[in-house]
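This report concerns only the one structure given below.
The values are calculated or read from the model by the stated rules, or taken from the named source; none is laboratory data. Predicted model only: the values in this text are computed from it and were never measured. Cβ placement follows ideal geometry from the backbone for every residue including glycine, while neighbour counts extend to all protein chains displayed.
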Amino acid sequence: MSALAAPLRHALLALPERPARIAVAVSGGADSAMLAVHAAAVCRELGIGLSLFHVHHGLQAAADAWGCQVHALGGLLGVSVAEARVHVEQAGGKGIEAAARDARYAALAELAQAHGTRHVLLAHHRNDQAETVLLRLLRGTGLAGMAAMSPASLRDGLWYLRPWLDQDRATILQAAASVEAACGWQPVQDPTNADPRYTRAAVRELLAPVLDRRWPAWRGIVARHAAHMAEAAQILDEVAREDFARLDPSPDGVSFSLQAWRGLSAARQSQVLRHWLAQNGARMPTDARLRDLLRQLRELHSLGHDRQLRVEQAGHVIRCHRGRVWVEPRG
C-alpha cells in the first residue's frame with residue numbers, strides 16, 4: 001500500500017463505526033485531488049460510499065474552470081461530485097481568508113447533511129500544519145492553539161478527518177505528477193496560494209524559504225511540536241475537568257462555588273475558568289480580559305460573598321451571587 005493510502009486507510013479503520021458514506025473536500029488543487037484519488041481506492045476496498053464536495057467561492061476568475069476540473073476528476077474516478085456556491089461575506093472585521101474559511105465550512109456542513117454523511121476528509125499535510133503553528137504563534141495563541149490542526153475534529157455536527165498531517169507535500173506532488181502522466185488530468189493552481197498579500201501565503205513564500213535554507217527539516221520539527229502541544233492540552237483539559245467537578249458545580253454546569261474555586265492555585269483558577277466558559281459555549285476572552293476577570297473574582301471573594309459582579313463577554317454575562325459564579329447568554 002502506498003505511503004499516502006496507508007494513513008488514509010488507518011484513519012477510516014480507526015473510526016468507532018465504519019461509515020456507510022464519506023466525502024472528500026476537493027478544491028481542485030493537487031493536495032485535495034490526490035486525497036480524492038486515494039480515497040476512491042481505499043473506499044472501494046472497505047465498502048464505503050464516496051462523494052466529492054466542491055465549494056465554489058467565486059473569488060477568482062478561474063473559479064468556474066476549477067469546478068469543471070473537479071467534476072472531470074470525479075468522472076475519472078467514477079465518484080459523484082456535489083458543488084456548493086457561496087458568497088464570502090467580508091463584513092464584521094474578518095479578513096478575506098477567515099471569511100472564506102467560515103463560508104467553506106458552512107457549505108461543507110450543508111452538503112454533508114444533504115448527502116447523508118457525517119465524515120469529511122481534508123487534505124491538510126505536514127507543510128500546512130507547520131504553517132499553522134507559525135501563524136498561531138505569531139498571533140499569540142495559547143497552548144490549545146499551538147496544537148494546531150487535529151487528525152479528527154468535530155464542527156457543526158460533522159467530523160473532519162485529516163489523515164495526511166504527517167505526510168510531506170513533496171510526496172503528494174509526486175502522486176499528482178504520476179496521475180497527470182497516466183491520464184492527463186492536471187490540478188488547478190490558485191494564485192492566492194503564492195500571493196504574499198495573504199497571511200498564509202506570506203509565511204509560505206517569504207518566511208519558509210529562509211527556514212528551509214537554515215533548518216531544512218523545520219516542518220517536521222514544528223509538526224512534532226504541535227503533536228506534543230496537543231498531548232499537553234489534553235492533560236490540562238483533564239485536570240480542568242477534575243478541578244471543576246470539585247467546585248460544587250450546578251447540574252447544568254452554568255455555576256460553581258466561588259469559595260471552592262478560590263482554593264485552587266492561580267494557574268488552575270485560570271485553566272478551570274477557560275474550561276467552564278468553553279463548556280458553556282462562551283467565546284474565549286483575550287488575555288487582558290481574562291486577567292481582569294480573575295482579578296475581580298479574587299477581590300470579590302476577599303470582600304465577601306454578597307458583593308455583586310457582572311462582566312459581559314462576547315454575548316455572555318458572567319455574574320456572582322451569594323457565593324456562586326454564573327455564566328448565561330446575554331439577554
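Under the condition of being aromatic (Phe, Trp, Tyr) and not in a helix (DSSP H, G or I), which residue from region 178-233 is farthest from Pro151 (Cα to Cα)?
Looking at residues that are aromatic (Phe, Trp, Tyr) and not in a helix (DSSP H, G or I), I get Trp185.
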- Message: Within region 21-120, considering only strands (runs of 3 or more DSSP E) that don't extend past its boundaries, which have at least 2 residues that are crowded, with 20+ Cβ neighbours inside 10 Å?
- Response: 21-25, 49-56
- Can you pull out the residues in region 135-193 that are touching a Phe, Trp or Tyr at 6+ places or on another chain (Cβ under 9 Å) and free of Cβ contacts under 8 Å to residues at least 40 places away in the same chain? Ser153, Leu154
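Output the residue which, of all residues in region 126-146 that are at pLDDT below 85 and of a type in the set (Gly, Ala, Ser), is nearest to Met229 (Cα to Cα).
Ala144
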- Task: Look at Ser150 and say whether it is under 14 Å from the mean Cα position of the chain (by Cα) and either loosely packed, with under 15 Cβ neighbours inside 10 Å or in a loop (DSSP other than H, G, I, E, B) (or both).
- Result: yes
- May I ask you to list the residues in region 196-219 that are out of contact with any Asp or Glu (no Cβ under 8 Å at 6 or more places or on another chain) and either exposed (fewer than 11 other Cβ atoms within 10 Å of the Cβ) or modelled with pLDDT under 90 (or both)? Arg197, Leu206, Pro209, Val210, Arg213, Arg214, Pro216, Ala217
- Item | Complete set of residues in region 166-197 that are of a type in the set (Ser, Thr, Tyr) and under 15 Å from Ser2 (Cα atoms) | Thr171, Ser178
- Item | Close pairs from region 222-241: first at pLDDT 95 or above, partner not aliphatic (A, V, I, L, M), Cβ under 8 Å, at least 6 apart | Val239/Arg268; Val239/Gln271; Ala240/Arg268; Ala240/Gln271; Ala240/Arg274; Ala240/His275; Arg241/His275
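Quick one: in region 1-31, of everything that is under 21 Å from Ala114 (Cα atoms) and under 20 Å from the mean Cα position of the chain (by Cα), which residue is modelled with the lowest pLDDT?
Within region 1-31, the match that is modelled with the lowest pLDDT is Ser27.
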- Task: Please enumerate the residues belonging to region 1-21 that are in contact with a strand residue (DSSP E or B) (Cβ under 7 Å, 6 or more places away or on another chain) and over 21 Å from Asp166 (Cα atoms).
- Result: Pro19, Ala20, Arg21
- Query: Here are some conditions: (1) within 30 Å of Ser178 (Cα to Cα); (2) surrounded by fewer than 20 Cβ atoms within 10 Å (Cβ to Cβ). Glu17 meets all but one. Which one does it not meet?
  - Reply: (1)
